[in-house]
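Scroll down for the structure; my scribbles are underneath it.
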Amino acid sequence: MKNIAKGSIREIEIEPGFYVIRCTNLSSETQKLEREVAPTFIQMHFAVQAAGKLVFAGGHYTMPVPQGESALLYNPNQALPIQLVLEPNARFVILLVSIEQFHRFFSEEAGLIQFLDSDHRDKKYYFKKEMTPRELVVLNEILNFHLRPSLEALFTKGKIFELLSLYFNKTEESDACPFLKDENNVKKILLAKSIIIERVANPPGLKELAAEIGLSLKKLKEGFKQIYGETVFNFLFEYKMDLARNLIESKQHNVTEISELIGYTSPSHFIAAFKQKFGTTPKQYMLNN
């Protein structure tokens, strides 16, 4: 698998024949993720933030995956290697599941899933759809994993099975949170996140942000937590630290410059925050990478 230049990529093997890839492009340019995939695998791409584009046949065919949409691909007659072009600030979750594992997961529901039924078995199948608010919540929980590293595989496995259950459940919206049922609310919270990222060096205060997106302060706080699984403050902190780490690894900026780029008025405050997050100072991290 070829890594993206400025960002992060993490592949986790849930069990044999079942993989999860989390990828983030933190650069201001498009980046490409490439991975070989056997024809015995189903692949599912979820555009959680910003957009991406799947490229096939050497660029002769492309499939856009806009923010908030997912794409399911399966072609038992030929390999479909992943060539995913990620837009700036894009965050994707990718599932790779062998058809054998998939049949095992959904053995009792195979007749309800179109590409598993007898009429479509062994035929290529491409399907795109908009993600539901509940799917988006789970995907953000997967991307924003902050527990002990030893729990990552277990946590991700549970969330991926929850995601698959929602994806293939035709009535998943019946018991959804009322706030998440309103697409305008969800769009406003997505806008809030985009604003935070775009102005990471000088983000608006909560009241200012709530007014800008057209929600009350209470709904901004509650909605952000429901969709992203954490507070606005925690999200901003984690984003700043991930951005700082990638800037350090680029070796193009010193500590003072990075501190300014991510919005710290004092390098000492940035150093303390970085050490709190990663257990080492930016300078030590820079020397070891």
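The values are calculated or read from the model by the stated rules, or taken from the named source; none is laboratory data. Note that this is a predicted model, so its numbers are computed, not measured. In this analysis, Cβ positions are derived from the backbone assuming ideal geometry, glycine residues included, and neighbour counts consider all displayed protein chains.
Within segment 1-18, residues that are on the phi < 0 side of the Ramachandran plot reach partners that are at pLDDT below 55 with beta carbons closer than 6 Å, at six or more positions or on different chains, in the pairs I9/N3.
Taken together, the residues in segment 266-289 that are modelled with pLDDT under 90 and hydroxyl-bearing (S, T, Y) amount to 1.
Every residue, every condition in (1) of a type in the set (F, W, Y); (2) over 25 Å from the mean Cα position of the chain (by Cα); (3) at pLDDT 90 or above, yes or no:
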{"position": "K221", "(1), (2), (3)": "no, no, yes"}
{"position": "L236", "(1), (2), (3)": "no, no, yes"}
{"position": "N246", "(1), (2), (3)": "no, no, no"}
{"position": "E249", "(1), (2), (3)": "no, no, no"}
{"position": "V255", "(1), (2), (3)": "no, yes, yes"}
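Let's see how each residue does on (1) under 22 Å from N25 (Cα atoms); (2) in contact (Cβ under 8 Å) with a residue 40 or more places away in the chain; (3) not polar (S, T, N, Q); (4) not assigned by TED's automatic domain parsing to the domain that holds R148:
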position	(1), (2), (3), (4)
A244	yes, no, yes, yes
I248	yes, yes, yes, yes
V255	yes, no, yes, yes
G263	yes, yes, yes, yes
P267	no, no, yes, yes
F270	no, no, yes, yes
P282	yes, no, yes, yes
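Of the helices (runs of 4 or more DSSP H) lying entirely inside segment 192-289, those containing at least 2 residues that are among the aromatic types (F, W, Y) and surrounded by 15 or more Cβ atoms within 10 Å (Cβ to Cβ) are 217-228, 232-250, 267-278.
Yes or no, residue by residue, for (1) farther than 20 Å from R22 by Cβ; (2) crowded, with 18+ Cβ neighbours inside 10 Å:
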{"residue": "H45", "(1), (2)": "no, yes"}
{"residue": "G52", "(1), (2)": "no, yes"}
{"residue": "H60", "(1), (2)": "yes, no"}
{"residue": "E69", "(1), (2)": "no, no"}
{"residue": "N77", "(1), (2)": "yes, no"}
{"residue": "P81", "(1), (2)": "no, no"}
